[in-house]
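Please treat every number below as a calculation from the coordinates, not as lab data. These numbers were taken from a predicted model, which means no experiment stands behind them. Cβ sites come from the backbone with ideal geometry, for glycine too, and all protein chains shown count toward neighbours.
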Ligand code: ADP
Ligand code: MG
């Protein structure tokens, strides 16, 4: 079935055509009819399968049926500022011929322009929890007409850090509303929480056995902590054209790894939550637009970010939470594209690898590096031996708190 045959507003169909969306993806095919009917939906589908449009298309259509423009009727909650910008853009693209107004609301930037935009009238608000709760407490949000609440990356949103605030907010929303949860991963505890927020049973639309997207060819290699930079250098030099996203465990490590790459003549962008918000957005734009082909980042970019032409994801460090593995490698192989991912696993990280394999229910392929090529990779680096660097990294690892609360 093509979008042209759907019973949705012609203005939406027009923009779908302009976006080049002809046929729904699987999750869109399954979720759109239920959402159009007004049902509550919990949708689990792999990364890069088009979940955003799966909710944006039917929700926009429902808002248009009642011609009540520029009243806040749809609230989308997302875990990061960059995701707020991205999801708002998708809504804007889909509704550009409709008169519906979309606002992305997030922290790290001045709130006055946001308050101004809200006063002028907004139909769809895409927000991170921090700024949303701030403005709500200051009385700048009129929530009385909300018809649809959407939690994108739902499991993460319901994670304990946000739960109390979300519950408080939900109490302020009209009880007759539609609630939608979308994510690539979900666990039993989160499912329970989700059931508490909706009244009628929600429907699980699509649940893959293997949560890792089938478009991603992923493997791991055994590389010791102190040697990882040499292997990253090798990988980047072997693929001078590839667009590569590198995930590390902490902000400090992101800066350090970038500095190590710089020393061997490889330019890298760095993005993490310690950077100014305007910088964060600028960095992501230059990576998206290809001004730079290498971005070193933390889990702040693991969820939801859609950069369609990332060729390679490198887990320089394994993530502490196994579901982050699924999200990180899901930054490549999006839509119909294929992608590759590799994880560098040191001896200390073996338990993390075990946890990831238990979580995904699969044995991750090992890419064997024989002793001789391991030795050569370390020997052939263009990096000058620098023991300070190693010491700094160790210090960084020792002083940086392991887990921190996310605030957006
Ligand atoms: P998810 O949230 O499932 O990870 P996204 O919603 O970010 O995935 O979409 C992934 C990519 O697929 C985006 O680049 C989007 O433009 C593209 N896409 C979504 N739906 C369609 C469609 N029906 N036809 C073609 N491309 C699509
Ligand atoms: Mg998404």
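At a glance:
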read-out	value
Volume per residue of the C-alpha convex hull in the chain, rounded to whole Å³	139 Å³
The stretch 322-380: C-alpha gyration tensor shape, a/c 1.5 cut-off, then a/b vs b/c	oblate
Gap separating the Cα centres of the stretch 13-56 and the stretch 143-222, nearest whole Å	16 Å
Quarter of the Cα convex hull surface for the stretch 3-206, i.e. its orientation-mean projected area (nm²)	10.4 nm²
Ranking of 226, 255, 40 by count of other Cβ atoms within 10 Å, fewest first	226, 255, 40
Taking the chain and dividing mean pair separation by its residue count, relative contact order in percent (alpha carbons under 8 Å, at least six apart)	18 percent
Scaled radius of gyration (Cα, divided by 2.2 N^0.38 Å) that the stretch 249-311 gives	1.06
Normalised convex hull volume, the stretch 216-369, alpha-carbon set, Å³ per residue	108 Å³
Most mobile listed residue (337, 30, 66) in the chain, GNM with C-alpha springs under 10 Å	66
Value of relative contact order over the stretch 216-369, rounded to a whole percent, pairs C-alpha under 8 Å and six or more apart	34 percent
For the stretch 1-47, alpha-carbon Rg and Dmax in angstrom	11.3, 29
Share of pairwise Cα separations in the stretch 188-247, more than 17 Å, in percent	65 percent
The stretch 245-305: relative contact order as a whole-number percent, Cα under 8 Å and 6+ apart	46 percent
Distance between the stretch 237-279 and the stretch 301-326 - C-alpha centres, whole angstrom	14 Å
Inter-site label distance for residue 282 and residue 242 at 7 Å from Cα along Cβ, in nm	2.9 nm
Shape call, the stretch 68-130: gyration tensor on alpha carbons, a/c limit 1.5	oblate
